[in-house]
1. Quick one: which residue in 65, 1 is in a loop (DSSP other than H, G, I, E, B) and either at pLDDT below 90 or not hydroxyl-bearing (Ser, Thr, Tyr) (or both)?
2. Could you list, in sequence order, the residues of the stretch 32-88 that are polar (S, T, N, Q) and surrounded by fewer than 10 Cβ atoms within 10 Å (Cβ to Cβ)?
3. Inspect all residues belonging to the stretch 85-106 and state whether any of them is closer than 26 Å to residue 11 by Cβ and of a type outside the set (A, V, I, L, M, F, W, C).
Amino acid sequence: MSASAASASYQPEQFETVAEVEVDSRGRVSLGKAGAEPGRRYRVEQRVDGVLLLIPVVSIPEREMIVWRNPGLASEIRDGLAEADRGDTVDQGSFQQYDDHDENDG
(Lines give C-alpha, C1' and ligand atoms only; values in the text may rest on other atoms or scores of the structure.)
Protein backbone atom coordinates (compact mmCIF):
# COMPACT_ATOMS: atom_id res chain seq x y z
CA MET A 1 0.00 0.00 0.00
CA SER A 2 1.46 3.35 -1.00
CA ALA A 3 1.64 6.33 1.34
CA SER A 4 -1.13 8.11 -0.55
CA ALA A 5 -3.29 4.98 -0.46
CA ALA A 6 -2.83 4.81 3.31
CA SER A 7 -4.07 8.37 3.80
CA ALA A 8 -6.89 7.92 1.29
CA SER A 9 -8.24 5.05 3.38
CA TYR A 10 -8.73 7.25 6.46
CA GLN A 11 -11.99 6.41 8.21
CA PRO A 12 -13.05 8.71 11.09
CA GLU A 13 -14.42 5.79 13.08
CA GLN A 14 -10.92 4.29 13.21
CA PHE A 15 -9.74 7.17 15.40
CA GLU A 16 -10.60 8.56 18.81
CA THR A 17 -10.23 12.15 19.93
CA VAL A 18 -7.37 12.39 22.43
CA ALA A 19 -6.77 16.14 22.58
CA GLU A 20 -7.63 19.50 21.13
CA VAL A 21 -4.68 21.72 20.29
CA GLU A 22 -4.11 25.15 18.80
CA VAL A 23 -1.56 26.13 16.21
CA ASP A 24 0.76 28.85 17.56
CA SER A 25 1.98 31.93 15.69
CA ARG A 26 4.91 29.96 14.26
CA GLY A 27 2.69 27.15 12.95
CA ARG A 28 3.56 24.68 15.71
CA VAL A 29 1.27 22.28 17.53
CA SER A 30 2.13 20.57 20.79
CA LEU A 31 1.32 16.87 20.65
CA GLY A 32 2.25 16.03 24.25
CA LYS A 33 -1.41 15.79 25.24
CA ALA A 34 -1.89 13.27 22.45
CA GLY A 35 0.86 11.04 23.83
CA ALA A 36 3.61 11.93 21.36
CA GLU A 37 7.08 11.18 22.70
CA PRO A 38 9.84 13.80 22.54
CA GLY A 39 12.17 13.12 19.64
CA ARG A 40 9.69 10.91 17.79
CA ARG A 41 9.45 11.61 14.04
CA TYR A 42 6.26 11.67 11.99
CA ARG A 43 5.44 11.96 8.32
CA VAL A 44 2.54 14.38 7.90
CA GLU A 45 -0.04 13.72 5.19
CA GLN A 46 -2.83 16.14 4.37
CA ARG A 47 -6.07 15.35 2.56
CA VAL A 48 -7.86 17.89 0.40
CA ASP A 49 -10.42 18.41 3.19
CA GLY A 50 -7.68 19.48 5.64
CA VAL A 51 -7.43 16.24 7.64
CA LEU A 52 -3.85 15.74 8.83
CA LEU A 53 -2.54 12.25 9.39
CA LEU A 54 0.63 11.71 11.45
CA ILE A 55 2.46 8.51 10.62
CA PRO A 56 5.33 7.43 12.93
CA VAL A 57 8.53 6.99 10.94
CA VAL A 58 12.15 6.10 11.48
CA SER A 59 14.53 8.11 9.32
CA ILE A 60 17.51 6.31 7.84
CA PRO A 61 20.60 8.25 6.76
CA GLU A 62 21.06 8.06 2.99
CA ARG A 63 24.53 6.53 3.38
CA GLU A 64 22.94 3.55 5.18
CA MET A 65 20.33 2.88 2.48
CA ILE A 66 22.77 0.55 0.70
CA VAL A 67 22.24 -1.95 3.52
CA TRP A 68 18.44 -1.75 3.25
CA ARG A 69 18.56 -2.15 -0.54
CA ASN A 70 21.02 -5.05 -0.48
CA PRO A 71 19.76 -8.06 1.53
CA GLY A 72 23.06 -9.89 1.00
CA LEU A 73 25.05 -7.08 2.56
CA ALA A 74 22.60 -6.86 5.46
CA SER A 75 23.01 -10.59 6.04
CA GLU A 76 26.81 -10.30 6.03
CA ILE A 77 26.63 -7.49 8.58
CA ARG A 78 24.28 -9.51 10.84
CA ASP A 79 26.62 -12.51 10.55
CA GLY A 80 29.62 -10.36 11.49
CA LEU A 81 27.80 -8.91 14.49
CA ALA A 82 26.81 -12.41 15.62
CA GLU A 83 30.42 -13.56 15.30
CA ALA A 84 31.60 -10.60 17.38
CA ASP A 85 28.95 -11.38 20.04
CA ARG A 86 30.28 -14.95 20.24
CA GLY A 87 33.84 -13.69 20.48
CA ASP A 88 34.77 -15.25 17.11
CA THR A 89 37.16 -12.44 16.26
CA VAL A 90 40.77 -12.14 15.18
CA ASP A 91 42.97 -9.39 16.59
CA GLN A 92 44.34 -7.47 13.61
CA GLY A 93 46.60 -5.34 15.77
CA SER A 94 46.75 -1.57 15.79
CA PHE A 95 45.55 0.53 12.88
CA GLN A 96 47.28 3.61 14.32
CA GLN A 97 49.57 3.80 11.29
CA TYR A 98 46.55 4.71 9.13
CA ASP A 99 45.41 7.57 11.38
CA ASP A 100 46.23 10.81 9.61
CA HIS A 101 44.39 12.88 12.24
CA ASP A 102 46.63 15.54 13.74
CA GLU A 103 46.30 15.77 17.53
CA ASN A 104 46.23 19.58 17.21
CA ASP A 105 43.28 19.55 14.78
CA GLY A 106 40.84 18.85 17.61
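1. From the options 65, 1, the qualifying one is 1.
2. Once the filter is applied, which keeps residues that are polar (S, T, N, Q) and surrounded by fewer than 10 Cβ atoms within 10 Å (Cβ to Cβ), the stretch 32-88 yields only 59.
3. no
The values are calculated or read from the model by the stated rules, or taken from the named source; none is laboratory data. Just so it is clear, the model here is predicted, and its values are computed rather than measured. Here Cβ is always computed from backbone atoms with ideal geometry, including for glycine, and neighbour counts include all displayed protein chains.
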